[in-house]
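Quick notes on the structure that follows.
A short reminder: the numbers here are calculations on the coordinates, not readings from a lab. Note that the coordinates shown come from a computational prediction; the quantities given were computed from them, not determined experimentally. Cβ atoms come from the backbone with ideal geometry, glycine included; neighbour counts cover every protein chain shown.
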Amino acid sequence: MIAEFCSKKYFGKEQIIVHPLSAFFFDQQGVSHTLIDAVFDTVPVSVLSWGNYLAQNQIKKIFCTTSSPYLDMSNCNLILAAKQKNIETFGAMDHWKGIDRFFNQDSVDYMTDYLFCIDQTVKNNLIQVVDNPDRVFCIGHPNIEHVSNKKFSDQGEKTNVLIVSQPNSVDLNFQSIFSVRMGDMRIIDAILAQIFQAFEKCRKKVNIIFRPHPKEKPFIQLPDEILLDENPDWNGALKKNDIFIGLDSMAMLEAHVAGKYCISLALKGSEQLSDVSIPFIFSKKIDDISLLSQTIENFIESPQQKDSDLSRIYNGSKSKAVEILERYFKHTLSSHLK
């Protein structure tokens, strides 16, 4: 979406500053950018440093991410600095969870003036946060649309099972949710045992891969039988893996749209590891880890997958976003939304 928008050159001069965690995606799309640590001496960037940068570069409009204040305050401080300089900001919320990112204790300090969100469910949850709901635009999800338009089948000799991790966002320790102990063993070890049981019974070969979330801390003592996927290219992971196991991350939803078999662990106690779940069922859900082996066996024996209806629902997301951003940067968006 950003690549298409930048190619249209709606503004005379743009500054694109990127956090290292996102640099790969800009490189992949061929979008020229500058890393944040090449612009500022200290990261996280302070409100004062952002304010000086905005003034020196005569910034008039900002389009930025909205991110958690718990690991890196750079994005939150950019929004604060823009408010102090009376510069309009436009952000995006690409999940159903994470409204806490807009709060500074009880004050909604980190909300942008305009916001993209996925659907009316998110917008309804945002009513408590925004001053003017008309400034929240339901556009769908451009990346889900992108995934739905690609082909990812790449079945090899072995079946590849990808464990899709996400950080514990409730305790804010940002350890993998799979490192948590349930009963007498960690979730990751229970998953491993179930996967081996299924493939031994079916007499099939398997590779088991663990993909950490970019913002989670390194996994302590990952089992030796599990390979670590450190490739930043998510499209590559979608292509080479066949079965995806996780909780409720957006990555799991994208895997489903890509035609992959997804198993979501709705285990007792797991609801405490994530603040808000995706509000519809898109995967095979199991509420007891002992059911994982049989669920995998069923797929191995009958691997047909139905096309996802979400491909239709999110079609047109990118064009909606680009059209609204065009109006924003041409100063025609705010006239009827005051």
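Key figures for this structure:
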{"quantity": "The range 1-114: Cα Rg divided by the 2.2 N^0.38 Å rule of thumb", "calculated": "1.05"}
{"quantity": "Dipole in debye (nearest 20) - the chain, about Cα centre, beta carbon charges: Lys, Arg +1; Asp, Glu -1", "calculated": "900 debye"}
{"quantity": "Overall Cα dimensions of the chain, principal axis frame, Å, largest first", "calculated": "65, 38, 37"}
{"quantity": "Rg and Dmax of the range 190-290, Cα atoms only, in Å", "calculated": "13.9, 39"}
{"quantity": "Per-bin percent of Cα-Cα distances, the range 139-239 [10 Å]", "calculated": "13, 38, 34, 14, 1"}
{"quantity": "Relative intensity, log₁₀ I(q)/I(0), of the range 50-112 from a Debye sum that treats every alpha carbon as a point, q = 0.24, 0.27 Å⁻¹", "calculated": "-1.01, -1.21"}
{"quantity": "Dipole magnitude (debye, nearest 20) for the range 172-323, charges at Cβ of Lys, Arg, Asp, Glu", "calculated": "300 debye"}
{"quantity": "Beta bridges per DSSP with both ends in the range 103-256, % antiparallel, nearest 5", "calculated": "20 percent"}
{"quantity": "Share, in percent, of DSSP beta bridges within the range 161-227 that are antiparallel, nearest 5", "calculated": "40 percent"}
{"quantity": "Quarter of Cα convex hull surface for the range 86-196, i.e. mean projection, nm²", "calculated": "11.0 nm²"}
{"quantity": "Computed helical MRE - 222 nm, the chain, DSSP H runs ≥ 4 contributing -39500 (n - 2.57), nearest 500", "calculated": "-9000 deg cm²/dmol"}
{"quantity": "Two-site FRET efficiency, residue 174 against residue 196, from Cβ-Cβ distance with R₀ of 41 Å, rounded to 0.05", "calculated": "0.90"}
{"quantity": "Per-peptide average of other Cβ atoms within 10 Å, ordering 315-321, 138-144 highest first", "calculated": "138-144, 315-321"}
{"quantity": "Degrees, to the nearest 10: 47-56 long Cα axis against longest axis of the chain", "calculated": "50 degrees"}
{"quantity": "0 to 90° range, to nearest 10: angle between helix 187-202 axis and the chain longest Cα axis", "calculated": "50 degrees"}
{"quantity": "Among 55, 255, 82, residue whose mean-square fluctuation peaks in a GNM of the chain (springs only between Cα atoms under 10 Å)", "calculated": "55"}
{"quantity": "Choice from 200, 157, 88 with maximal GNM fluctuation in the chain (Cα, 10 Å cutoff)", "calculated": "157"}
